[in-house]
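Let me begin by presenting the structure, written as structure tokens, before commenting on it.
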Amino acid sequence: AKHGPFSLLCFMFIAHLPAGYLLTRGLQIRSSCFVKLDRKKLMIVGLIGSVFPDFDIFYLYFFSSHPKHHHLYWTHLPVYWLLILTILFLVKNWRADLFGYGIIFVANVFLHLILDTVAGDIWWLYPIVDQPFCLVTVPALYHPWWLNFVWHWTFGLEVSICIVVVTVWIKTQKNLKKF
């Protein structure tokens with residue numbers, strides 16, 4: 001069944017943005033290579049990276065004359081992100097700021113792909129092997145389509161990520177008020 005792009009986006013962003021927040025915050029705290037970068041810009045770049053692969057949905061619904069599984073577009077193919085990662089390492093000594101922001105962006109893209117692998121197809125070995133990988137298949141039992149995901153146990157993982165983010169954010173706010 002064909003679903004509108006906005007209904008797909010609303011569902012898919014449930015855990016991607018919160019997970020991106022956790023990853024970016026964790027890297028900001030634990031890695032010295034991000035110390036000289038603007039923390040707010042770094043968070044924005046991380047959050048954009050955490051949802052960037054799903055921008056292919058806009059292309060799929062508004063521009064594609066030959067629709068296909070949106071995880072087959074370049075934004076969901078790890079091989080392209082490995083190429084971008086390689087380019088980032090080539091510019092590391094020339095533009096340390098670009099490297100730092102780029103690493104945060106690409107790390108969040110890979111987090112997105114890992115999360116999508118739980119209940120969605122990701123072609124991890126493309127172009128060598130044209131086979132999607134998925135940890136869990138969500139059976140199509142309910143209508144509308146998104147209820148299949150909401151009633152599946154994997155949705156509990158997404159809710160758990162959201163709860164962790166709220167907990168971390170509240171703790172962070174309390175610590176900021178102490179200073």
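What to note about this one:
- Taken over the range 67-78, the residue count meeting the criterion of being touching a strand residue (DSSP E or B) at 6+ places or on another chain (Cβ under 9 Å) and assigned to a helix (DSSP H, G or I) is 3.
- Single residue of 47, 27, 23, 72 found to be out of contact with any Ser or Thr (no Cβ under 9 Å at 6 or more places or on another chain) and buried (at least 18 other Cβ atoms within 10 Å of the Cβ): 27
- In a residue-by-residue description of the range 79-97, the property of being of a type in the set (Ser, Thr, Tyr) and not in a loop (DSSP other than H, G, I, E, B) applies to at least one position.
- Where residue 99 falls short, out of the listed (1) under 17 Å from residue 20 (Cβ atoms); (2) at pLDDT 90 or above: (1)
Conditions tested, residue by residue: (1) more than 14 Å from the chain's Cα centre (by Cα); (2) open to solvent by 50 Å² or more (accessible area, probe 1.4 Å); (3) of a type in the set (Gly, Ala, Ser); (4) modelled with pLDDT under 95.
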residue: 9; (1), (2), (3), (4): no, no, no, yes
residue: 12; (1), (2), (3), (4): no, no, no, yes
residue: 34; (1), (2), (3), (4): yes, no, no, yes
residue: 43; (1), (2), (3), (4): no, no, no, no
residue: 55; (1), (2), (3), (4): no, yes, no, yes
residue: 59; (1), (2), (3), (4): yes, yes, no, yes
residue: 63; (1), (2), (3), (4): yes, yes, no, yes
residue: 67; (1), (2), (3), (4): yes, yes, no, yes
residue: 91; (1), (2), (3), (4): yes, no, no, yes
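Each row is one residue, and each column tells you yes or no for (1) farther than 29 Å from residue 74 by Cα; (2) not in a helix (DSSP H, G or I).
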site	(1), (2)
117	no, no
125	no, yes
130	no, yes
136	no, yes
139	no, yes
145	no, yes
148	no, no
167	yes, no
174	yes, no
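- Filtered residues of the range 114-170 (kept if open to solvent by 90 Å² or more (accessible area, probe 1.4 Å) and within 26 Å of residue 24 (Cα to Cα)): 114, 135, 163, 169
- Where residue 176 falls short, out of the listed (1) open to solvent by 80 Å² or more (accessible area, probe 1.4 Å); (2) at pLDDT below 90; (3) within 20 Å of the chain's Cα centre (by Cα): (3)
The values are calculated or read from the model by the stated rules, or taken from the named source; none is laboratory data. If you're wondering where the values come from, they're calculated on a predicted model, not measured in any experiment. All Cβ positions, even for glycine, are placed from backbone atoms using ideal geometry, and neighbour counts span all protein chains on display. Calculation scope for accessible area: heavy atoms of the full protein, side chains included, ligands and nucleic acids excluded. Shrake-Rupley method; radii C 1.70, N 1.55, O 1.52, S 1.80 Å.
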